[in-house]
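So the structure is just underneath, and the comments pick up after that.
Rule-based calculations on the coordinates, nothing more; no lab input. Owing to the predicted nature of the structure, the values given are computational and were not obtained by experimental measurement. A quick note on method: Cβ atoms are made from the backbone with ideal geometry, for glycine too, and the neighbour counts reach across all protein chains shown.
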Amino acid sequence: MATDSLLSIILIALAVGAATETTARIFRFWTYPNLLTPALNVIFVFGGVQGAAIAWGIGHGQALASIWPVLFMTGAIVGVLYEGLNTYRLHAWSWPEAPLFGLRRPIDKAAVVGVSWGFTPVTMLIAARLISGSAL
């Protein structure tokens, strides 16, 4: 049985979030009008929602082979909702005019990035188990 530490999942989530936001900033995938927003994104969305709530809350103690589709699907649903909410209401970050993976419309970019959030809890759980030496 896998033994996933909540702390290790959160720390990995914060690292994944920081790497994602740094990469996005370097390559200008999206931009923030306020520099506090990416930090809050890393702490609350990566660490709290995708890490603690989804990766640990759903995946804790479960065999990865049986739980990864649920983790991916839940992460993607939350991601699509979050990206859509930002695109239509929050406006906490914006999409540049340049294409992102060939996409030009903000809603298309939000959909693709939203679905890619599904990889986040799966990656966090795999990394935590590899680091701790637990069974995947």
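Computed from phi, the 3J(HN,Hα) profile of segment 54-69 under the Karplus parametrisation 6.51, -1.76, 1.60 (θ = phi - 60°) reads 8, 4, 7, x, 8, x, 4, x, 9, 5, 4, 4, 8, 10, 4, x Hz, with x in place of Gly and Pro. Hey, what angle do you get for helix 119-132 against the long axis of the chain, alpha-carbon based, 0 to 90 degrees rounded to 10? Approximately 40 degrees, to the nearest ten. Across segment 83-92, coupling constants 3J(HN,Hα) worked out from phi with the 6.51/-1.76/1.60 Karplus curve, θ = phi - 60°, read 5, x, 4, 5, 4, 9, 10, 6, 6, 7 Hz, and Gly and Pro carry x.
The C-alpha atoms of the chain define a longest principal axis, and helix 106-116 lies at about 10 degrees to it. Set against the 2.2 N^0.38 Å expectation for a compact globular protein, the chain has a Cα radius of gyration ratio of 1.06. Packing, as the average of other Cβ atoms within 10 Å across residues, places the peptides 104-111, 89-96, 121-128 in the order 121-128, 104-111, 89-96, highest first. Between the helical axis of 6-27 and the dominant principal axis of the chain, each derived from Cα atoms, what acute angle in degrees is found, rounded to the nearest 10? Rounded to the nearest ten degrees, it is 30.
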